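Engineer: Supplied in C-alpha cells, the structure appears directly below.
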Amino acid sequence: MAENNVPLRDFDEESETDSETELLIRRDVRTASFAAASSSIKSNSKNNSRGRHRKSSTGYSGVVNSSSGGGSFLGNLFGHSLGSAAGQIRYRNERSRERAKYSNSSSSSSVSKLAQLTQTSAGGSAVAGSAASGPSEGAATGVGDSAGVASDLGNGTHSTVIDPENGSATVFYQNNRRRSKGRSFGSICKLCLCSCWRKWFRPRELRARTVNLGRVNTEKFPPNEIRNQKYNFITFLPLVLFEQFRFFLNLYFLLMALSQFIPDIRIGYPYTYWGPLGFVLMVTICREAVDDLRRHQRDHEVNSQKYKRLSATNGSGYEMVPSSKLKVGDVIIVEKNERVPADLILLRTSDRSGSVFVRTDQLDGETDWKPRLAVPYTQKLSRDSELHSIDASFYVEKPQNDIHSFIATFCMTDGSEDTGLSVENTLWANTVVAAGTATGIVIYTGCETRSVMNNSQPRSKVGLLDMEINGLTKVLFCAVLGLSLVMMMLKGFGGPWYRYMFRFVLLFSYIIPISLRVNLDMGKAFYSWQMQNDSNIQGTVVRSTTIPEELGRISYVLTDKTGTLTQNEMVFKKIHLGIVSHDADTFHHIGHIIQKLSGNIMQQQQQQQQQGSVSSSSSGESNTATKPIMFAGNRMRRPEGWREWEAVRALALCHNVTPVSDEEDNRSVSTASTVTGGNNSPTKSVINIEAPGSTDTEHQYQAASPDEIALVKWTEQVGLTLIARDLNTMTLQVKTPSEDNDILLHYQILQLFPFTSESKRMGIIVRESKSGQITFYLKGADVVMSSIVQYNDWLSEESGNMAREGLRTLVVAKKVLTEEQYSDFEMRYNAARLSITDRVAKVAAVTESLERELELLCLTGVEDRLQENVRPTLELLRNAGVRVWMLTGDKLETACCIAKSSQLIGRNQGLHVLRSVKTRTDAHQELNSFRRKQGHALVIEGESLEVCLQYYRPEFLELATASPAVVCCRCSPTQKAQVVALIQKHTGKRTCAVGDGGNDVSMIQQADAGVGIEGREGRQASLAGDFSIPQFSHIAKLLLIHGRRSYKRSAALSQFVIHRGLIITTLQAVFSAVFYLSSVALYQGFLMVGYSTLYTMFPVFSLVLDQDITSETAVTYPELYKDLSKGRSLSYKTFFIWVLISIYQGGVIMYGALILFVDEFIHIVAISFSALIMTELIMVALTVRTWHRLMVLAELFSLALYLISLAVLHEYFDWEFIWSYDFLWKVSLITLVSCLPLYIIKFLRKKCSPPSYLKLS
C-alpha cells in the first residue's frame, strides 16, 4: 500500500497561547473512502490488545498507557490508521488552532452534528464516524469537511477529528494544561543549569588554530600566566573549610557546637565549644591565606619578567611587556640566557644560517644543547620590522603534552610560500636561549604550553601524622559513644533517654580535644620557622607549613640529575695517550710540548709555501700534493711529543663547536640596525682574525653538547685554540712562546658525520689548506670504538678505570686518506645519500667502510661537575635507610656515569642495565634476568619502563623497590610523576621528590614532600615545591635533623594533648557514676576553658622545643633515622599506653578527692582540679628529654597563673579551705600517688631497655 507521510510542522511555528495537547496521527488513504475507514476501525477492534504491544516499541506506549480508557480507544484507532506501517505521533498545544478551525458558523454546525453521531462513553468503546461528502463553507479557512469522535476520559475529555481528504486523525486532550506549563518551566531551568555548567566547569576544548603574522588575531586563548596557587578569591573559603572538616576531629566539634543551640541538651556556655573551634578555624584560614598569598607573590614575580615585543607603532620598534601580557600572535625577542616565556615558532635568529641553540634541561632534563631553525622565509628578511608588513599565517596543531613532536604549516596569504614546520622550528616555554638572539611568534600560552601540560595541578597534601591522628580521634569517638551507652544502661532507658544520652556524649566530648588541632598547627609553624632560620642550611624556604613531619618519615628520595645532582658544567679531567696519562696536575706539560713544536710547525709552513710557489711556477703541480714534513716517514722517526700534538689537534678539529665572541653573541636582532632601517642583516659572523697575535679576546663556544665545549676549552688551555668556524672552514691558532707570532692553521671541512644515539660516535673529514693532507677523525664511546681502532692492549682497561671514577669517556682515532681514497668514498657516499630505498642503511654501510683500522690517538675522561657535597649526602641517605632513585630525561650513558661518580650506587653494588624492551616477552626475560642479580642497582629507560608497567606492573615494582638504587633515564615529566605515584601505591611509604627544573614540577607535586632547588635556569621547581633549598646537600640535614625533630615533637605533643582530654573525661565519668549517674558537668564554665588554655597550654606546647638527640648525633649516626619510618613514635600501642595512664591518673585523682573531702562539694572541685593541674605539669616534666630554658619558664608561668586563679576565682574555690593545711597535704598526696609509679616505671625502662639514641649519648 502506498504511503504519503505528511510532514509535521515544527514546534517553533506554534503559538505561545496554545494550551491543549494534540496527538496527531496522519495516514494517507487513497483507495478507500472515509466510510470504509470507519468500518475498518470497527472490524479491527478485536486485535487491539495484540497490536498494542507491538506499537509500544515505536513510542506509543507512553500515550496508550496514560489512562485505561484512553488506551482502549487509541488501540482501536492505531489498529486502523497504522496497520503494519509506522505512524507519526506528536504532542501539541492547540487552543488557538482549534479556535481558528471552528470559528466559522457553518463549519461549527457540521462538527456538532458529527460529534453527536460519534459520542461515546468514558469506557473508551469503539465508535463509528460519519463522513461529509463535500467541502463545506469553511474551506476558505483551510479546513475541509471532517468527522469527529469524542469520549469522556476520567476527569477530562478528548475528541477525535478525522479529515477525509488525507485520512489524518487528530485527538484533542483538554486536561493537561498545567502539566504542560510545569514541564516547560522545568525544562527551561534544566537547560539553563546545563548550559551554565558546560560554560563554567567543562574542560576547555583543545583545537588546532591559525595564527596570523602581520594581522590581528581575534580568537581568545588562555592568559600566559604561571599559577601555582591552590585557591582563588571565590574558592578560598569553601575549599579551606572543606579540607578542615574532612578531618573527623573538626567535624565532630562542629556538631557538638551546633548542638548547644538546642536548649534541652545545652551544657554550660556555648563559648566553651564555639571559642576553641573558631580559634582553630581562624588559625588554619590565616595560615592557608598566608601560604597562598606567598605563592601568588612568587608567581607574580615570574609573570612580571619583561620581554621585548615587536610593535609597529612604537618609535623604537619594540616595547617591553611582562610575560603575563603576551598573547597568541605576538612577536617577541628572547635574548641570550633568557627564559622563553611561551611556546614560540622561531622566525629569525642573529645567526646567518637561521639557527640558534637552546638549553632544554628545564623541560626534558637533557644536558645537550638543541639546535633550532628559523622559518626560511622570515629569516631572509633584512630586519625585524618587516615581519609586520608581510601577510602570512601559521596553521598549528592543537596543544598537547608531547615535547618531541610538532606539526604546523607556514603559508603566505597569496599562496607564494607554503612550508611545513616541525619541532626543529619551535622554542618551547621554559627553555633557555643558550647563545645569540631569537625572534619568535607566540603560538601557545599559559595552560596550553608544553611545559604546563606536562605538569599536574597543585594538590593539598595531608601528612601521614595527621591521618594517623584522624584515625585515633575516630577511636576516641567510639569510646565516647561506648561510655555514654554504658552510663545509659546503668541509668536505664526510661523517660527521654535519648536526651540524656546526648548530654552524656557532650559531657565526655572533651575526650577528643579540640585544642589538638591548635597545638599541632602552631607546632608546624614553629618547625617551619626553625628550618628557615637554620644557619647550616641557609636559603631554605618552607612554602607549605602543613607537612613538616613528612620529612621525618621518608623512605624513598626521587631526584633529578641535571642541575640537582650535577651543575651541568663539564670539566676535562684526564687524557690517556697509551703510554702516558695526564690529569689536571700535568696538563701544563702538554702545553709546553705544544709550544716547543710550534717552531717546527712554523718552519714546515714556510717550506710548504716555498714548495708550493716553486711547483706552481715550474711544473704546474698543485700545492696539495706536498707532504707534511713534521711527521713524514716511518713512525719510529716521529719527533718527541707527536702523540700529544696529534691528540690535541684531533680534539680541536673533531666536534661541532662554533666559537663566538661576547660582542657578537650579545648583539640582538632588535638593535637599531635591524629595526630602524639599517642595511646590515642580523647575522652572527665567525671571528675575523686580522693579526696572528690578537689573543686578547676571550673565546666563548656554542655546541649541542657541553662535553664538546669542555674538550675544545681544554685544547685552548694547552695552546691550540679554535678561533673561527663556518659551514666549510675551520681555523686553529697555535700558541707560541712569542705571543706576537701565534700560528694560524686553516682547514677545509669536507664531510661531517653527526653523533646519534644509535651509532654512539661522530666523525669529520678535514683537509689542511697548506699541506693538502686529508684526515678522517672519529670519536665515540669505547664500546663501539674498540672494534674500529687498531689492536691495542690498554684501551679496555683504562676505559674501565675511568668509568669507575664516574668519568664520561671518549675514544679518539684518526685515519689519513689519499686523494684517491677520499674521491672514491665521496662518490659512494653521495650515491647512498641519493638512494630512494634503504637510504639510512646504505649511508651507514658506506661510512662503516671508512671506519676500519683507525689509528688510536687517546682516551679522554670528562666529568659532569657534581653539586657541592653530593657524595656524602647520598652516603648519609643510604645509611639512613632511604632508597634513592634518579629520574632523568638524559641519555642512558650519561645517567650511568653520574650514578657512579656521585656514588648513588655503592662501592660494593653492581649495576644492571635493562636493555631496550619492546614486547611482553622481552620484559619477561629482562625481569627474570634482573631477579637473579641480588643487590644490583637497576638502570632502565622510559620506553622500557612503560612496557614493563603495562604487562608486569606488580612484579616490576616488587623488584625495583627492593633494589638499593634505581636510575630511570629518558623519562618524560609525566612519567616521573607516575613513578612517584606507583611507589606510593605499591609500598605505602612516604616519598620525597627533589628537582630544579620545570620538568620536575609534576614529580614534586605528586610526592608526599616536594623539594625544589633554585637553579640557574629558573625558579619554577622552587616555587612549586613544599620546601625550597639552594643545593642538594641540604636535603640530608632537612631529613635527618629537622624531619626527625618535627615528627618526634608532633607525636609527643599530640599524645600529650589526647592524654589531657582523656584524664579529665575519666574524672567526669567517675563523678557521674558516683553521683547517681547524673549528666552534670564536674567543672563549670571558666575552669574547663582555662584547663586546656591558661593552665596547661604553655607547658604542653613547650614540648616542641624537646629533642632526643643533638644535630651532630643525628648526622653522625644516620642509622637512627631508620626507626622513624616504622611510625613507632605514634602508634596504637603508644596510644593505648597513654589511655591506660589517663584512666589510672583520672581514677586516682577523682577517688582520692571523694575519699579525702569532708564538708562541701566545692572542696571536691578544689582538690581534684588542683591535683589535676599539678599532675599535668609533672607529666610534662617527665616527658621532656632535653630541657630548654623556655620549658622551665613555661612550667613556672603556668603554676603562677593557677595560684593566682585560686585567689581570684571565689566562685569556684573556697578561699578559707585553699589556705588551710588540709588542702595542701591532700593535693600533694593525690598528685604523688598519680605520678610516682609512672616515674618509677620510666626509670626502670630506661635502665633495662634504653632506646637506641640513649645508647649513643
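Engineer: Just to verify a result, which residue in segment 937-987, among those that are charged (D, E, K, R) and crowded, with 19+ Cβ neighbours inside 10 Å, is farthest from ASP364 (Cα to Cα)?
Structural biologist: GLU941
Engineer: Can you pull out the residues in segment 240-263 that are crowded, with 16+ Cβ neighbours inside 10 Å and not hydroxyl-bearing (Ser, Thr, Tyr)?
Structural biologist: VAL240, GLU243, GLN244, PHE247, PHE248, LEU249, ASN250, PHE253, LEU254, MET256, ALA257, GLN260
Engineer: Answer yes or no as to whether ALA408 is open to solvent by less than 60 Å² (accessible area, probe 1.4 Å) and on the phi < 0 side of the Ramachandran plot.
Structural biologist: Yes, satisfied.
Engineer: Picking from LEU597, LEU551, which residue would you name as being over 30 Å from GLY1012 (Cβ atoms) and either assigned to a strand (DSSP E or B) or of a type outside the set (Lys, Arg) (or both)?
Structural biologist: Residue meeting the stated conditions: LEU597.
Engineer: Is one or more of the residues making up segment 805-822 in contact (Cβ under 8 Å) with a residue 24 or more places away in the chain, open to solvent by 70 Å² or more (accessible area, probe 1.4 Å) and part of a strand (DSSP E or B)?
Structural biologist: Yes, some residue in segment 805-822 is in contact (Cβ under 8 Å) with a residue 24 or more places away in the chain, open to solvent by 70 Å² or more (accessible area, probe 1.4 Å) and part of a strand (DSSP E or B).
Engineer: Which of (1) assigned to a helix (DSSP H, G or I); (2) of a type in the set (Ser, Thr, Tyr); (3) touching a Lys or Arg at 6+ places or on another chain (Cβ under 9 Å); (4) open to solvent by less than 10 Å² (accessible area, probe 1.4 Å) does TYR500 not meet, given it meets every other one?
Structural biologist: (4)
Okay, residues lined up against (1) farther than 30 Å from MET501 by Cα; (2) touching a Lys or Arg at 6+ places or on another chain (Cβ under 6 Å); (3) of a type outside the set (Val, Ile, Thr); (4) modelled with pLDDT of 95 or more:
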| position | (1), (2), (3), (4) |
| --- | --- |
| PRO1030 | yes, no, yes, no |
| VAL1057 | no, no, no, no |
| ARG1060 | no, no, yes, no |
| THR1066 | no, no, no, no |
| VAL1074 | no, no, no, no |
| SER1078 | no, no, yes, no |
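Engineer: Just give me the residues in segment 914-936 being crowded, with 18+ Cβ neighbours inside 10 Å and not in a loop (DSSP other than H, G, I, E, B), in sequence order.
Structural biologist: Across segment 914-936, the qualifying residues are ALA923, GLU926, LEU927, PHE930.
Engineer: Mind counting the residues in segment 544-577 that are crowded, with 24+ Cβ neighbours inside 10 Å, among the β-branched types (Val, Ile, Thr) and farther than 19 Å from GLN984 by Cβ?
Structural biologist: 4
Engineer: SER393 passes all but one of (1) in contact (Cβ under 8 Å) with a residue 60 or more places away in the chain; (2) assigned to a helix (DSSP H, G or I); which number fails?
Structural biologist: (2)
Engineer: A follow-up question, please. Please work out which residue is modelled with the highest pLDDT, limiting yourself to segment 420-456 and to residues that are outside any strand (DSSP E or B) and more than 18 Å from ASP402 (Cα to Cα).
Structural biologist: THR437
Engineer: Please specify each residue of segment 1198-1228 satisfying the condition of being in contact with a helix residue (DSSP H, G or I) (Cβ under 8 Å, 6 or more places away or on another chain), surrounded by 14 or more Cβ atoms within 10 Å (Cβ to Cβ) and hydrophobic (A, V, I, L, M, F, W, C).
Structural biologist: Residues satisfying the conditions are LEU1199, LEU1206, LEU1209, PHE1213, PHE1217, ILE1218, PHE1223, VAL1227.
Engineer: Filter segment 1126-1180 down to residues that are open to solvent by less than 40 Å² (accessible area, probe 1.4 Å), assigned to a helix (DSSP H, G or I) and over 26 Å from VAL1074 (Cα atoms), then give me how many there are.
Structural biologist: The total comes to 5.
Engineer: Can you find a residue that is among the polar types (S, T, N, Q), within 42 Å of the chain's Cα centre (by Cα) and assigned to a helix (DSSP H, G or I) anywhere in segment 1101-1108?
Structural biologist: Yes, segment 1101-1108 contains at least one residue that is among the polar types (S, T, N, Q), within 42 Å of the chain's Cα centre (by Cα) and assigned to a helix (DSSP H, G or I).
Engineer: Going by the conditions given, is GLY881 open to solvent by less than 10 Å² (accessible area, probe 1.4 Å) and assigned to a loop (DSSP other than H, G, I, E, B)?
Structural biologist: No.
Engineer: Please find, within segment 264-288, the residue that is nearest to the chain's Cα centre (by Cα) out of those that are at pLDDT 75 or above, open to solvent by 70 Å² or more (accessible area, probe 1.4 Å) and within 17 Å of TYR510 (Cβ to Cβ).
Structural biologist: PHE279
Engineer: Every residue in segment 512-543 that is open to solvent by 10 Å² or more (accessible area, probe 1.4 Å), modelled with pLDDT of 85 or more and either assigned to a helix (DSSP H, G or I) or aliphatic (A, V, I, L, M) (or both), please.
Structural biologist: Within segment 512-543, MET522, ALA525, PHE526, TRP529, GLN530, GLN532, SER535, ASN536, VAL541 qualify.
Engineer: Quick check on my filter: what residues within segment 365-390 are assigned to a loop (DSSP other than H, G, I, E, B), closer than 27 Å to GLU1014 by Cβ and either touching a Pro at 6+ places or on another chain (Cβ under 8 Å) or open to solvent by 30 Å² or more (accessible area, probe 1.4 Å) (or both)?
Structural biologist: Those that are assigned to a loop (DSSP other than H, G, I, E, B), closer than 27 Å to GLU1014 by Cβ and either touching a Pro at 6+ places or on another chain (Cβ under 8 Å) or open to solvent by 30 Å² or more (accessible area, probe 1.4 Å) (or both): THR367, ASP368.
Engineer: Return a yes/no flag: does segment 846-853 have any residue that is assigned to a strand (DSSP E or B) and surrounded by fewer than 21 Cβ atoms within 10 Å (Cβ to Cβ).
Structural biologist: No, segment 846-853 has no match at all.
Engineer: Report the residue count in segment 1109-1125 for those that are assigned to a helix (DSSP H, G or I), in contact with a helix residue (DSSP H, G or I) (Cβ under 8 Å, 6 or more places away or on another chain) and of a type outside the set (S, T, N, Q).
Structural biologist: Number satisfying all stated conditions: 8.
Engineer: Can you find a residue in segment 780-792 that is closer than 28 Å to VAL571 by Cβ, without any contact (Cβ under 8 Å) to a residue 24 or more places away in the chain and part of a helix (DSSP H, G or I)?
Structural biologist: Yes, there is a match, as at least one residue in segment 780-792 is closer than 28 Å to VAL571 by Cβ, without any contact (Cβ under 8 Å) to a residue 24 or more places away in the chain and part of a helix (DSSP H, G or I).
Engineer: Can you name the residue in segment 332-360 that is part of a strand (DSSP E or B) and open to solvent by 10 Å² or more (accessible area, probe 1.4 Å) and, of all such residues, is nearest to ILE226 (Cα to Cα)?
Structural biologist: Among them, the one singled out is ARG339.
Engineer: So, in segment 186-224, how many residues would count as being modelled with pLDDT of 70 or more and either under 19 Å from VAL442 (Cα atoms) or open to solvent by 90 Å² or more (accessible area, probe 1.4 Å) (or both)?
Structural biologist: Within segment 186-224, residues that are modelled with pLDDT of 70 or more and either under 19 Å from VAL442 (Cα atoms) or open to solvent by 90 Å² or more (accessible area, probe 1.4 Å) (or both) number 24.
Engineer: So ARG1185 fits all but one of (1) part of a helix (DSSP H, G or I); (2) touching a residue at least 24 places away in the same chain (Cβ under 8 Å); what number is the exception?
Structural biologist: Single failed check for ARG1185: (1).
Engineer: Any residue at all in segment 1212-1230 that's within 22 Å of PHE1056 (Cβ to Cβ) and touching a residue at least 60 places away in the same chain (Cβ under 8 Å)?
Structural biologist: yes
Engineer: Scan segment 854-869 for residues that are open to solvent by 40 Å² or more (accessible area, probe 1.4 Å) and outside any loop (DSSP other than H, G, I, E, B) and jot them down.
Structural biologist: ARG865
Engineer: Just for segment 417-468: of the residues that are among the charged types (D, E, K, R) and under 30 Å from TYR1047 (Cβ atoms), which one is most open to solvent (accessible area, probe 1.4 Å)?
Structural biologist: Going through the qualifying residues, I end up with ARG459.
Engineer: Could you please find all residues in segment 750-768 being of a type in the set (Val, Ile, Thr) and open to solvent by 20 Å² or more (accessible area, probe 1.4 Å)?
Structural biologist: THR756
The values are calculated or read from the model by the stated rules, or taken from the named source; none is laboratory data. The structure displayed is predicted, hence computed values, not measured ones. When we count neighbours, we look across all protein chains shown, and the Cβ atoms used for this are built from the backbone with ideal geometry, even at glycine. Heads up: the accessible areas ignore ligands, DNA and RNA and are worked out on the full protein's heavy atoms, side chains in. Shrake-Rupley method; radii C 1.70, N 1.55, O 1.52, S 1.80 Å.
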